[in-house]
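Scroll down for the structure; my scribbles are underneath it.
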Amino acid sequence: MTDNFSADNTHKESANAQGNAPLPTPKAKPKKENMLINIVMNIVIPSLILTKLSGPQYLGPVWGLVAALAFPIGYGVKDFIVNRKINFFSGLGIVSVLLTGGIGILKLPTEYYAIKEAAIPGLIGLIVLISTKTRYPLVKTFIYNDTILNVEKISAALKEHQKEDAFEKTLRLGSYVLAGSFFLSSTLNYILAEIIVKSPTGTEAFNIEVGKMNALSFPIIALPSMIIMVATLMYIFRSIRLLTGLTFEEVMHDTSK
């Protein structure tokens, strides 16, 4: 009887020990990226510094370049520390700032600026096309991402309906359209730069013309590209709804969480 009592106590102590054992801490999900802040920090602010503050009466070309580079570099380093991944837009911002600032500092022929304006979106379009041959197409960065869509729920529904291959075809076509929007932007950038930017590089007049081009680039360049991107997004929405049966509300990312 004593043995039974001891065995009972041992069993209870073991159960209590298991019950009181700390549960494993779930891994924290990477912080979701705000696309607007991303673009402002990596593209918009550096461009404004180069065009508005790099004149001799303000920072000058060298310190203007340094100040402009600080934003994409700082944001990229912060993003890498938090999410352990390289920020695509930070890399793009650094390249763009170096090219624009370098053209002004080295006083290269003005024609180089038009080439640079065409090269950046053209290069992005090419990378988007190449990425379709990899496991990580860039259309997922621009459109099919968890800041816009409920990717987790969509992926589960695609798997349940065995429509994953069909959706990969949708993303591939979306990538081609997205690349086309960047190639259109590249062409329009070159034409606009050739028309507006004519003053020698490194001069105040050059900076003013670049600022004017940036102001006109939204209605002439960014708006058509944005329309194409929205059309691509709607095409992907429609495909998701047809393949999974999810409603629009279920497809969209819940920003209240």
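The values are calculated or read from the model by the stated rules, or taken from the named source; none is laboratory data. Values in this document were obtained by computation on a predicted structure and should not be read as measured data. As a convention, Cβ positions derive from the backbone with ideal geometry for all residues, glycine included, and neighbour counts pool all protein chains shown. Ligands, DNA and RNA are excluded from the accessible area calculation, which covers all protein heavy atoms including side chains. Shrake-Rupley method; radii C 1.70, N 1.55, O 1.52, S 1.80 Å.
Values computed for the structure shown
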quantity	calculated
C-alpha center-to-center spacing [the stretch 98-170, the stretch 61-86] in angstrom	20 Å
Listed peptides 99-105, 130-136 by packing density, highest first (mean Cβ within 10 Å)	99-105, 130-136
Residue-level accessible surface for GLU117, protein heavy atoms, 1.4 Å, Å²	20 Å²
Placed amide H near MET252: partners under 5 Å, 5+ positions off or other chain	ASN150
Subset of LYS85/LYS133; LYS52/LYS78; LYS133/LYS169; LYS85/LYS169; LYS52/LYS85; LYS78/LYS116 violating a 23 Å alpha-carbon distance limit	LYS52/LYS78; LYS85/LYS169; LYS52/LYS85; LYS78/LYS116
Accessible-area composition of the stretch 115-257, carbon plus sulfur, in percent [1.4 Å probe]	64 percent
Share of carbon and sulfur in the accessible heavy-atom surface of the stretch 43-104 [1.4 Å probe, %]	77 percent
Protection-proxy order for peptides 161-170, 42-51, each taking the mean of Cβ atoms within 10 Å per residue, highest first	42-51, 161-170
